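Structure, as structure tokens:
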Amino acid sequence: MGLRSMLKPARDVPVTWWSSPDPMDTRPKLSTLLILCVGLWIFGTGDAVLVAAGLGNTPWTVLAEGIALMTERTIGQATFFVSVTVLLLWIPLREMPGIGTILNAILIAAAIEYMLPVLPTPDGALQSMTQVVIGIGLVGIGSGIYLTANLGAGPRDGWMTGMQRISGFPIGNVRAAIEISVVAIGWALGGTVGVGTVIFAVLIGPTVAICLNIAGHLGRERGDEE
């Protein structure tokens, strides 16, 4: 296996040795559960790195920061509130959460809550931009890990797919409409929108696709050895 093949974007979520055969499995393998938790923590840490960079947050964190400012809570706490609220929106859509869905809501918020206070604040534009790139990379790595665990969609992704199923609109249009809406609301509430938000929007798709491909290669390698 060459480096070039590993760095190709994946077209779908690969099956690995740690993947659960059933996203609704209530008793997954311990290895699957641990890998899922590691992926979610890395994802949340990447989100916190982007916040600390100060150049603009991810769309949903723009909303969380705006809510945090309005309610005098931390961004981590507001992120958890947003996740729970979105999960409640699953009810009329008849979407079913998995273990990964619940852990997504808890661990990403916890990672932001505990990592943000200890992260450095960049002194200049170059350091800030470097931190944005690192944050996007961590979100991509975390996504590649937790998505391949296959233990249920995250709250936001599940809401997106449910809305697509009900509305019949293309999934890309639904995602764009949701993310533009949350950015607009978050910005109106005081959330940080900037060049980092734009860079994230442009790079996160390819980054996640590449990380999924890497996870797929590594997962198949382990499976072949066993």
| query | If you go through the range 194-214 one residue at a time, do you hit one that is farther than 26 Å from Ile145 by Cα and in a loop (DSSP other than H, G, I, E, B)? | reply | yes
| field | Filtered residues of the range 47-72 (kept if within 19 Å of Val133 (Cβ to Cβ), crowded, with 23+ Cβ neighbours inside 10 Å and among the small types (Gly, Ala, Ser)) | value | Ala48, Ala53, Gly56
| request: Check whether at least one residue in the range 135-147 is over 13 Å from the mean Cα position of the chain (by Cα) and part of a helix (DSSP H, G or I), and report yes or no. | output: no
| note | Counting only residues in the range 144-196 that are of a type in the set (Phe, Trp, Tyr) and over 26 Å from Thr71 (Cα atoms), the one surrounded by the most Cβ atoms within 10 Å (Cβ to Cβ) is identified as Tyr146
| task | Please give the number of the condition Ser5 fails out of (1) part of a helix (DSSP H, G or I); (2) modelled with pLDDT of 95 or more. | result | (2)
| request: Could you tell me whether any residue of the range 113-131 is closer than 30 Å to Gln164 by Cα, hydrophobic (A, V, I, L, M, F, W, C), under 16 Å from the mean Cα position of the chain (by Cα) and not in a loop (DSSP other than H, G, I, E, B)? | output: no
| task | Being of a type in the set (Gly, Ala, Ser), out of contact with any Gly (no Cβ under 9 Å at 6 or more places or on another chain) and in a helix (DSSP H, G or I) narrows it down to one of Ser31, Ser83, so name that one. | result | Ser31
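The values are calculated or read from the model by the stated rules, or taken from the named source; none is laboratory data. Keep in mind the model is a prediction, meaning the values are calculated, not measured. Quick reminder, even Gly has a Cβ in these numbers, built from the backbone with ideal geometry, and neighbours come from all protein chains shown.
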